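What follows is calculated from the coordinates using simple rules that are stated; it is not laboratory data. Since this is a predicted model, take the numbers as computed values, not measurements. Cβ placement follows ideal geometry from the backbone for every residue including glycine, while neighbour counts extend to all protein chains displayed.
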Amino acid sequence: MELTTEIKEYIDNSVLCWLATVSSEAIPNVSPKEIFNYYGSDKIIVANIASPQTVRNINQNENVCVSFIDILIQKGFQIKGKAKIIKKTNAEFSNMEKVLIEMTGGQFPFSSITAISIEQIKPIIAPRYILYPETTEIEQIESAKKTYLSKRSLKTS
């Protein structure tokens, strides 16, 4: 499967993605990842910065799920596929590394990359869009801002 322009735009506008893996004992692990991007039209790549459990799980079970959303619009995508750990010795590493280093400015060292080959793509949308189909993205953004700001003010008071 290929990543559309729309999916690539959501990746560009997402601050984090969540990468779900499963160990050989069937124990799930979900980990937020800050440095991720698309690679070509059929892969998502993630810098393994502080990810020993993620790497261990992928080495045992290549099935993964990655999700990302624009937190204000509250839309995004869930992508399932097969992951592979790309080490510095792999011929593809340096090209993938260039894409990710552009994002980090060299601030976050990593010695391996998770490369995900895409098998399934599913949109993620906030329930408000389903329950209230007339909801516009602008209205959703305003609602999300109010919700996040009120939760933050409760925590700081």
### Contour excess over end-to-end distance, with Cα ends at Thr135 and Gln120 and 0.36 nm allotted per residue
2.7 nm
### Relative contact order (percent, whole number), the chain, Cα cutoff 8 Å, 6+ residue spacing
24 percent
#### Entry: Sites Met1 and Arg128 - FRET efficiency at Förster radius 30 Å, r taken between beta-carbons, to 0.05
0.60
### Task
Can you tell me the FRET efficiency between Lys98 and Ser150 if r is taken as the Cβ-Cβ distance and R0 is 41 Å, rounded to the nearest 0.05?
0.50
